[in-house]
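To start, the structure itself, in structure tokens.
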Amino acid sequence: PRPSVAVLIRAIEADIAQVTDLLAAAGLVLGRSGIDPHRRPRPVVETPRYRAMRGAFDRQGPAGRTMMYSTAGLQICLDAGEPDQVADRWAAAHAVGPPLLAAFASAARHAGRRTGWASARMAAWLAIDPARTRPVWSPARAGDDPIDAWTRYVLAAPLLCLRRHDADWAAPPGVTFADWLDGALPQPPTTDDLDYHVSTLFPPVRPRGYLELRYLDAQPDRDWRLPLAVLTALFGDPRTVRAAYTIATPVAQRWSAAARHGLADPTLAAAAAALLDLALTALPRLELPASTHDEIQRGVRRRLAATERRAVQ
């Protein structure tokens, strides 16, 4: 967390420079997309948790391994807001997801071939167990209290793993946290078990005392600053939050279409263009240094122009 976008950008750029140098020493470079365009999934981390995750996801198909070993997301975290703002920010954070996913999709090629998806990274997430990856909020239940909705989601999600003293953390299939509370396992859960269970849930927007937005693909080079600036501008003022929600609500449920078609879907492209345009009007409120502001503004305008072209095709 940082007090401003400008301070955050400086901190992240310093981190990226250090990582870039370390990679260069090993003959490696940073990737440019949200999914590995060259290699098939292969394990790179072997821990009890990862083995349990792999076993659970394998029951659903190959998407879990793709997600675990081949994808890279750009996660942007926003304040939840004052108590009277939480519901609006929660709804808007979800609603703008599909059009912004489409606008910043960068994961069309995987393992040496075109996948047929604008974001094969999000396609992998959507193909994993929906009880832990589907959105918590939906337009069909837009009026639900965020705390109640998240509580229901957490209790209904199956256990992904059970921490033990040995290497086998596999959880019994289909047992939810609510089942555990009701006595489905020999030992009752603790609050620490609940916290750990929550860490195994991966919806597009995850509440953690703040809003963790998980639906964006990693971006090439310095373009990670563009969705960061867009989202911060959209959520910098209650009026822009409401305006963004109004723009995005007609396409708020179109996660799969956004992942598959990206901006080739005209309705998503139109909503994305309107959101980018709204963000540009709010960009000066971020009080970025002049050179950074100008560079980000040019980048967002280029993205807006490309999006507008797709919206009218």
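Things worth noting here:
- Scanning segment 129-148 for residues that are without any contact (Cβ under 8 Å) to a residue 24 or more places away in the chain and surrounded by fewer than 17 Cβ atoms within 10 Å (Cβ to Cβ) gives P130, R141, G143, I147, D148.
- Those residues of segment 167-181 which are in contact (Cβ under 8 Å) with a residue 24 or more places away in the chain, assigned to a loop (DSSP other than H, G, I, E, B) and either touching a Gly at 6+ places or on another chain (Cβ under 7 Å) or not small (G, A, S) (or both), in sequence order: D168, W169, P173
- Qualifying residue in segment 18-26 (condition: of a type in the set (A, V, I, L, M, F, W, C), part of a loop (DSSP other than H, G, I, E, B) and outside the structural domain of P250 (by TED's automatic domain parsing)): yes
- Of the criteria (1) of a type in the set (S, T, Y); (2) over 30 Å from D265 (Cα atoms); (3) touching a Lys or Arg at 6+ places or on another chain (Cβ under 9 Å), which one T115 fails: (2)
- Residues satisfying the criterion are present in segment 248-263 (criterion: at positive phi, modelled with pLDDT of 95 or more and assigned by TED's automatic domain parsing to the domain that holds P37).
- Matching option when the condition is among the acidic types (D, E) and touching a Ser or Thr at 6+ places or on another chain (Cβ under 7 Å), among D265, D217, D223: D217
- Of all residues in segment 162-219, those being at pLDDT below 95 and surrounded by 20 or more Cβ atoms within 10 Å (Cβ to Cβ) number 0.
- Failed criterion for D223 (all others in (1) surrounded by fewer than 20 Cβ atoms within 10 Å (Cβ to Cβ); (2) at positive phi hold): (2)
- Any chance T292 is of a type in the set (S, T, N, Q), modelled with pLDDT of 95 or more and over 30 Å from R141 (Cα atoms): yes
The values are calculated or read from the model by the stated rules, or taken from the named source; none is laboratory data. Computed from a predicted model, the values in this text were never measured in an experiment. Neighbour counts are summed over all protein chains in view; Cβ atoms, including those assigned to glycine, are modelled from backbone coordinates with ideal geometry.
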